[in-house]
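Below is one structure; the comments refer to it alone.
Any read-out appearing in this document is the output of simple, stated calculations on the displayed coordinates, not a laboratory observation. Everything quoted here is computed from the prediction, not taken from an experiment. As a convention, Cβ positions derive from the backbone with ideal geometry for all residues, glycine included, and neighbour counts pool all protein chains shown.
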Amino acid sequence: MRLQLVTALGAVAGAACSLLAEGAGEAAMLGVLPFTAGGFIYVGTVTVIPELLRDAGPLQSLLQLL
């Protein structure tokens, strides 16, 4: 229950931050978009690609990456 409370508090804090940043407009987006894109690239390179390359031959790996 404590971990669920921490998660819920994080969601409330994120919602409050987004409501406060709503008036910032374009300046807030300049920092948020690169951070989010970096997170997706990190997840893709660290977790997904090694799973694809684990038990496959070179040709199969190339096809999966394409």
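Treating r as the C-beta distance of A11 and L62 and R0 as 30 Å, the FRET efficiency rounds to 0.15.
You can think of it this way: the chain between Q4 and T36 has 9.1 nm of extra reach, that is 0.36 nm per residue less the Cα-Cα gap.
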